[in-house]
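Remarks on the structure that follows.
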């Protein structure tokens with residue numbers, strides 16, 4: 001199952017969720033698609049992601065403007081902190 005997402009931010013969140021689910025499990029194989037589905041469901045339930053139909057008729061997800069703004073603010077804060085450390 002493939003999830004088409006137009007925004008790199010949502011994909012990074014889902015990739016991180018998969019990595020955290022995989023950590024500490026030596027015998028269990030974690031299905032990446034299952035983690036993607038659960039993470040997208042959680043993001044959608046919390047109002048941080050929304051479904052839409054892309055130009056090719058596929059269901060895709062994208063972050064809400066609020067989530068995008070929040071994550072961009074975090075990025076700017078992190079960049080400012082890095083600049084402060086380099087001085």
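What single numbered condition from (1) at pLDDT below 85; (2) more than 13 Å from the chain's Cα centre (by Cα) fails to hold for residue 35?
Residue 35 satisfies every listed condition except (2).
Name the single residue, out of those in the range 43-65 being touching a strand residue (DSSP E or B) at 6+ places or on another chain (Cβ under 9 Å) and outside any strand (DSSP E or B), that is surrounded by the fewest Cβ atoms within 10 Å (Cβ to Cβ). Walk me through how you get there before you give the answer.
Filtering the range 43-65 down to residues touching a strand residue (DSSP E or B) at 6+ places or on another chain (Cβ under 9 Å) leaves 43-44, 48-54, 56, 58-64.
Pick out the ones that are also outside any strand (DSSP E or B) and you get 43-44, 48, 54, 56, 58, 64.
Details: 43: 20, 44: 14, 48: 20, 54: 12, 56: 7, 58: 11, 64: 16.
Within the range 43-65, the match that is surrounded by the fewest Cβ atoms within 10 Å (Cβ to Cβ) is 56.
Using the structure shown, decide if residue 81 is at pLDDT 85 or above and either part of a helix (DSSP H, G or I) or more than 10 Å from the chain's Cα centre (by Cα) (or both).
Here the answer is yes, as residue 81 does meet what is asked.
In the set 40, 76, 82, which member is within 18 Å of residue 16 (Cα to Cα) and either free of Cβ contacts under 8 Å to residues at least 60 places away in the same chain or touching a helix residue (DSSP H, G or I) at 6+ places or on another chain (Cβ under 7 Å) (or both)? Walk me through how you get there before you give the answer.
Details: 76 fails: within 18 Å of residue 16 (Cα to Cα); 82 fails: within 18 Å of residue 16 (Cα to Cα).
Result: 40 is the single residue among 40, 76, 82 that is within 18 Å of residue 16 (Cα to Cα) and either free of Cβ contacts under 8 Å to residues at least 60 places away in the same chain or touching a helix residue (DSSP H, G or I) at 6+ places or on another chain (Cβ under 7 Å) (or both).
The values are calculated or read from the model by the stated rules, or taken from the named source; none is laboratory data. All values reported here derive from a predicted model rather than from experimental measurement. Cβ sites come from the backbone with ideal geometry, for glycine too, and all protein chains shown count toward neighbours.
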